[in-house]
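Have a look at the structure below before the remarks.
Only the coordinates and a few stated rules stand behind these numbers; no lab work does. Owing to the predicted nature of the structure, the values given are computational and were not obtained by experimental measurement. In this analysis, Cβ positions are derived from the backbone assuming ideal geometry, glycine residues included, and neighbour counts consider all displayed protein chains.
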């Protein structure tokens with residue numbers, strides 16, 4: 001993965017953006033998404049992606065070549081090719097790195113200004129399935145959200161919108177709480193403990209920045225909820241699931257999620 005360019009200050013005029021959850025390198029789904037975005041929201045030119053991206057740059061540019069999407073900003077997840085990504089991020093730790101004509105990987109933490117809204121991105125997560133992955137091939141320690149990432153996120157100040165891959169501890173999203181409670185995949189205890197630590201680090205930054213809205217992926221379930229103090233959290237589904245795609249109004253920070261049926265119909269599949 002070759003860096004094309006670095007961008008330290010990201011200021012976008014968009015009144016509305018698209019947001020999507022995990023993609024996992026699924027080029028077929030990305031082509032569906034590109035067609036659906038153009039049909040459902042021709043005014044939207046920016047896509048915010050919430051991690052587990054792992055897309056080949058040429059596949060991204062090809063998929064979106066006929067679309068209205070001009071830039072994709074990726075909040076990195078745990079399932080990324082960190083052996084390629086980390087050297088790019090380390091070169092300029094506070095800058096987004098452009099890895100295709102339209103794809104930018106956000107630093108950890110990353111800051112954007114979209115419309116009148118301050119946006120904080122904090123990528124990374126703990127892989128609960130790492131026991132079944134091969135170190136250096138399909139899993140890398142660089143996925144972890146470090147204490148240094150959290151400290152830098154807190155030092156960067158408050159935000160209106162927070163983008164993460166890992167969800168926060170004490171999530172108000174019922175569907176996420178239920179997944180954590182039942183552990184349907186049977187992940188081992190040590191992996192669950194590492195995941196809890198990772199969520200606690202997200203929550204530390206979330207509590208400090210106090211955004212009106214936090215959006216995340218990772219859990220492969222869609223849902224939303226609000227804390228007692230009114231902060232909202234949204235979990236987006238993975239590719240091919242309900243709640244994978246949303247359209248975010250940057251003025252009101254309201255998220256509208258078209259149904260999977262509507263996405264497929266708009267893409268003509």
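Model label sites at residue 228 and residue 212, defined 7 Å from Cα along the beta-carbon direction, differ in position by 2.4 nm. Listing 1, 250, 162 from fewest to most neighbouring C-beta atoms within 10 Å gives 1, 250, 162. Here the Gaussian network model covers the chain, with springs between Cα atoms less than 10 Å apart; of 188, 168, 109, 188 fluctuates the most. In this simple spin-label model, placing a label point 7 Å from the Cα along the Cα-to-Cβ direction at both residue 56 and residue 249 gives a separation of 4.1 nm.
For segment 141-161 and segment 75-98, what is the separation of their Cα centres, given in Å? That distance is 14 Å. For the chain, with a Gaussian network of springs between Cα atoms less than 10 Å apart, report the residue from 150, 137, 17 with the top mean-square fluctuation. Highest fluctuation of the listed residues: 137. Estimated from the Cβ-Cβ distance and a Förster radius of 41 angstrom, the FRET efficiency linking residue 269 and residue 193 is about 0.50. Annotation: the residues 147, 84, 228, sorted from fewest to most other C-beta atoms within 10 Å of their own C-beta, follow the order 228, 147, 84. Estimated at 0.36 nm per residue, the fully extended path between residue 259 and residue 43 surpasses their Cα-Cα distance by 75.9 nm.
For residue 147 and residue 178, the difference between the fully extended length at 0.36 nm per residue and the C-alpha to C-alpha distance is 8.4 nm.
Over the chain, DSSP H runs of length four or greater, each weighted -39,500 (n - 2.57), average out per residue to a 222 nm ellipticity of -9000 deg cm²/dmol.
Measuring r between the beta carbons of residue 132 and residue 94 and using R0 = 51 Å, the FRET efficiency lands at 0.90. Among 83, 142, 189, the residue with the largest mean-square fluctuation in a Gaussian network model of the chain, with springs joining Cα atoms closer than 10 Å, is 189. Full extension of the chain between residue 86 and residue 65 yields a length gain of 4.8 nm, computed as 0.36 nm times the residue separation minus the alpha carbon distance.
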